[in-house]
1. When a/c reaches 1.5 or more, the comparison of a/b and b/c decides; with that in mind, is the chain rounded, prolate or oblate per its Cα gyration tensor?
2. What number comes out for accessible area per residue over the chain if the probe is 1.4 Å? Units Å², please.
3. Expressed as a whole percentage, what fraction of the accessible surface of the chain belongs to carbon and sulfur atoms when a 1.4 Å probe is rolled over the protein heavy atoms?
4. Mind pulling the angle between the C-alpha long axis of helix 3-61 and the longest principal axis of the chain? Nearest 10 degrees, somewhere in 0 to 90.
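The values are calculated or read from the model by the stated rules, or taken from the named source; none is laboratory data. Nothing here was measured: the structure is a model prediction, and the numbers come from that model. In case anyone asks, the SASA skips ligands and DNA or RNA and just uses the protein heavy atoms, side chains included. Shrake-Rupley method; radii C 1.70, N 1.55, O 1.52, S 1.80 Å.
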Amino acid sequence: YSASGASVVAIDNKIEQAMDLVKSHLMYAVREEVEVLKEQIKELIERNSLLERENALLKSLSNNDQLSQLSA
């Protein structure tokens, strides 16, 4: 290797290390965000289930006139 060849290799190595660092930070951030989203999805599924049960109960307690007003 000449001196300039060795310096190009050294620069390439530094760039590769920097890219690896960026990649690991991005992967960590993405994993964290995925965990937050999974928790939100779980909460929304539970809330939706509760609302569906509540809706079914309210429908069962309503008469046909009240139900026909909902679709109007």
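1. In terms of gyration-tensor shape, prolate.
2. 94 Å²
3. 61 percent
4. Value to nearest ten degrees: 10.
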